[in-house]
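Working notes for the structure below.
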Amino acid sequence: MEHSKFKFRAMVDWLSFLIETTSPTKGDAIYRRFQLKNYVEPLDRGDGGAATRFIVTLQDVQSWEEAKVRIECIERAFPFARGPMLVGLEVSFDARARTATRDELIDLAANFYKFSASVVSSNRRFGGRFKGDVTSITRHRRNRVLIAADRVLNIGNQTDDLSQRVYFKTVDDKQPLPTSEHRARMELTLKGGAMPFATIRAAREFDFTALSPYFKFRRLKGRLNPVQAILAEASPQIGERVSRRRQSDRSTRMYSSMTRADSALNSRAWKALDRLTEQMRAPIFEYERRRILRLFDRPKSLN
């Protein structure tokens, strides 16, 4: 696939903080005050519904400084008993069209899974359109059909320290995106023991290229024999780094003999993560700080 047809970008989808307030508070109060719809989770709710410990998730954070400003807004309204802790992070690797067609974006999304060298769990399936609607992974062509139908390929569970998702993104917050914003996406979610930092101060030192092993890909070798070509085409996943036994001498190898590193795509992923590091470390100007405060720190009634 010709990678020059795509524009690649890495971004932070969301950050989750554990906060503890000095006084019992209802999660709805934080939601109403800061418009954190569905992203305030009480952890120790009492009989009256109030709690002191919450998971608060911030979406669309563009820098660590912005995250700090937004958390400080919450702390001013609901004083904290101790400093907030970062407990969750989602990073995505996106490909938008430069000259690529919709079909090529879908192909790339399916290939993100097929050729991924790092698949974090053996629990792999397509998420449902409703509760209980789960589809197993069978053949590559079937995966592509499901991705084209806006299904999401899930790897691992939401409670796992590491999980991944692969899909063709055409909707954001239940609203259709313009065609120019459609993208092939691979997401990596880190929680618990997989979190590389716990505070914003430590996060500022983090280099996102440390996550590049999760965004490494393989590609098919040239001149496969006819049988190999059929097997490679049908296989839903062929890039994973896992011990395989050689047929020739019974020793082991870590990658399929039908693949080689996709150096061009791996380089683009690394550079996207490097740009994300620079973006997240960037300071914000005072006018930008005021803009964040206007958008974030306002009652629901004003929206």
Starting from the Cα gyration tensor of the chain, multiply each eigenvalue by 5, take the square root, and state the resulting semi-axes largest first in whole Å.
39, 20, 19
With the contact rule set at Cα under 8 Å and sequence spacing of 6 or more, what percent relative contact order holds for the stretch 218-261?
48
The farthest towards the positive end of the charge dipole of the stretch 218-261, of the residues T252, P226, G239, given +1 on Cβ of Lys and Arg and -1 on Cβ of Asp and Glu, is T252
Quick one: check the C-alpha center-to-center distance for the stretch 103-117 versus the stretch 190-261, whole angstrom.
13
Magnitude of the charge dipole, the stretch 218-261, Cβ model with Lys/Arg +1 and Asp/Glu -1, debye to 20:
220
If I model a spin label at A149 and A264 as a point 7 Å from the Cα along the Cα→Cβ vector, what separation in nanometres do I get?
3.2
Lys and Arg at +1, Asp and Glu at -1: add these up for the other residues within a Cβ distance under 13 Å of G48 and post the number.
-1
First measure r as the distance between the Cβ atoms of K271 and D47, then evaluate 1/(1 + (r/R0)^6) with R0 = 45 Å and state the FRET efficiency to the nearest 0.05.
0.30
For the chain, what does the helix formula give at 222 nm: sum of -39500 (n - 2.57) over DSSP H segments with n ≥ 4, over the residue count, nearest 500 deg cm²/dmol?
-8500 deg cm²/dmol
Suppose every Lys and Arg Cβ carries +1 and every Asp and Glu Cβ carries -1, with no other charges. What dipole size does the chain come out with about its Cα centre, to the nearest 20 debye?
1040
Once V227 and R125 are pulled to full extension, the length gained, defined as 0.36 nm per residue separation minus their Cα-Cα distance, is 34.0 nm
With +1 on each Lys and Arg Cβ and -1 on each Asp and Glu Cβ, how big is the dipole of the stretch 184-303 about its Cα centre, in debye rounded to the nearest 20?
180
For the stretch 218-261, treating each Cα as an identical point scatterer without solvent, what Debye log10 I(q)/I(0) comes out at q = 0.21, 0.26, 0.29, 0.31 1/Å?
-0.72, -1.03, -1.15, -1.19
By how many nm would the segment from V242 to Q175 lengthen if fully extended, with 0.36 nm per residue of separation less the alpha-carbon distance?
20.2 nm
Distance (nanometres) between label positions extended 7 Å along Cα→Cβ at D28 and D207
4.9
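Every number here is computed from the coordinates shown, using simple stated rules; none is lab data. For clarity, every value in this text was computed on a predicted model and none was experimentally measured. Quick reminder, even Gly has a Cβ in these numbers, built from the backbone with ideal geometry, and neighbours come from all protein chains shown.
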